[in-house]
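Below is one structure, written out as structure tokens; the observations come after it.
The values are calculated or read from the model by the stated rules, or taken from the named source; none is laboratory data. Quick caveat: nothing in here was measured; it's all calculated off a predicted structure. Don't worry about glycine lacking a Cβ; one is built from the backbone with ideal geometry, like all the others, and counts go over all protein chains shown. Areas reflect the complete protein model, heavy atoms only, side chains present, ligands, DNA and RNA absent. Shrake-Rupley method; radii C 1.70, N 1.55, O 1.52, S 1.80 Å.
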Amino acid sequence: MGSIRKRRFAACTFVGLVGATLIGGGIANGDLPMNLSISGQSSLATISSGTAQNVTLFAREVDTTTEGNLPSAAISMESAQLTDVCLSTVAHGLPFIGDVTMYIRVPGNNTTVDNLVVDASSVGGSVKAGPAQLGLDVSATGQAEGVITAGKTAANATMTQARIDVISLNARAVSMKNFTIDVDKGSTTC
């Protein structure tokens, strides 16, 4: 057996930590695009309140790595400001560990998102929107290419006590201030 070269180990660890810090900082500042997809695992998002501009809601099918094609309520927003965000994802059946839950928490009014598209299996909470249009051909709005379905749009929307079962989440830019990422053993949610 060989021995561990302490200087080489320290140098490799330092380079990895600096890289991870730069990427994490870029995502937190909104400098890097963020695409959340953890091995095809769905996530649960809770938001105490949020405001969004140019919102479109329509039905579509989403291709996932673990469950194939799933029906989805796609929610597209030009921009959004969110308060008290919690996002939890469970990785089931990890070798030697079992289930593990990762949490991303952002306290207060510290989350902003640009060009957000969320595919959800369910959405709950309270919403106020207007001016609203129903039965709109979503492909005609230019917000969803290749989608031929009736949709709902609103110039402005406010949602409180939101609970979203997320299939996938994509955004051009995300800014999260004072966020924490925690990992716990077991299968729990926000």
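Values computed for the structure shown
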item: Residue check for SER121: open to solvent by less than 20 Å² (accessible area, probe 1.4 Å) and in contact with an Asp or Glu (Cβ under 6 Å, 6 or more places away or on another chain); result: no
item: Residue match in the range 36-43 (condition: modelled with pLDDT of 75 or more, part of a strand (DSSP E or B) and open to solvent by less than 70 Å² (accessible area, probe 1.4 Å)); result: yes
item: ALA132 surrounded by 13 or more Cβ atoms within 10 Å (Cβ to Cβ), among the hydrophobic types (A, V, I, L, M, F, W, C) and modelled with pLDDT of 90 or more; result: no
item: In the range 148-186, the residues that are β-branched (Val, Ile, Thr), at pLDDT below 90 and over 24 Å from VAL90 (Cβ atoms); result: ILE148, THR149, THR153
